[in-house]
Structure formats: C-alpha cells, structure tokens
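Below is one structure, written out as structure tokens; the observations come after it.
The values are calculated or read from the model by the stated rules, or taken from the named source; none is laboratory data. Note that the structure is a prediction, hence the values are computed from the model and not measured. Note that each Cβ is placed from the backbone with ideal geometry, even for glycine, and that neighbours are counted across all protein chains shown.
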Amino acid sequence: MPCILIGQIAKNDECKEIPGSVIMDKCLEYILNGQKYLSGRFIMLECKNIKYLSSFYKKYGFFEIEKEYKKNELKQFFRILKKEELR
C-alpha cells in the first residue's frame, strides 16, 4: 500500500523561536502539495516513545499503531489523508 513516510522530525532546543507546529504545518503542506505526484493515501512517521510527541502528532490527526513496542523502539504513527486534502 503506497504511503508517504516522514523521516525523523527534530528541532534543535536552541531554536525556540520556531515552534514544532510551524515545522509540522510546513511538512504537511509540502506533502499535500506533492501528493498528486507521490500518490498514496497514508502518511507514516516514527518518533521516540515520549508522551509529549505522541500527543503532538495526535493533534495533527495521526494514530498510533497499537502493538507491543520493545524498549527504545520508535513508536509508529499513521494518518489517512482526507478526500478533501487530495489534489
């Protein structure tokens, strides 16, 4: 099943003037603009098992893949693109 994979998104703690929401908004903007060339109806990403990160991605419509995660294994999230987001 084709999907778009977001690699590790990280923010340097010294760049406090750029909130994570700006980075995520820009990332999703590029994905949605390029989706007509990339195809795929899913976006996937992985992140460290940190509660703040899980809630951050859930705010953007991502769902955690429910499975038994090993220690230090990255959590996996997915988001299904809505019909109105497709170009």
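Gly61 is checked against (1) more than 15 Å from the chain's Cα centre (by Cα); (2) of a type outside the set (A, V, I, L, M, F, W, C); (3) surrounded by 14 or more Cβ atoms within 10 Å (Cβ to Cβ) and fails just one. What number does that condition carry?
(1)
Looking at Phe56, Phe42, Phe78, can you tell me which residue is touching a helix residue (DSSP H, G or I) at 6+ places or on another chain (Cβ under 8 Å) and among the aromatic types (Phe, Trp, Tyr)?
Phe56
What is the residue count in the range 22-59 for residues that are of a type in the set (A, V, I, L, M), more than 19 Å from Leu74 (Cβ to Cβ) and touching a strand residue (DSSP E or B) at 6+ places or on another chain (Cβ under 7 Å)?
Of the residues in that region, 2 qualify.
Please state which of the following conditions Gln35 fails to meet, knowing it meets all the rest: (1) polar (S, T, N, Q); (2) touching a Leu at 6+ places or on another chain (Cβ under 8 Å); (3) loosely packed, with under 14 Cβ neighbours inside 10 Å.
Going through the list (1) polar (S, T, N, Q); (2) touching a Leu at 6+ places or on another chain (Cβ under 8 Å); (3) loosely packed, with under 14 Cβ neighbours inside 10 Å, Gln35 breaks only (3).
Just to be sure I understand the filter: pairs with C-beta atoms under 8 Å, separated by 6 or more residues or on different chains, first member in the range 10-26 and at pLDDT below 85, second member of a type in the set (A, V, I, L, M) and part of a loop (DSSP other than H, G, I, E, B). Which pairs pass?
Cβ pairs passing all conditions: Lys11/Ile18.
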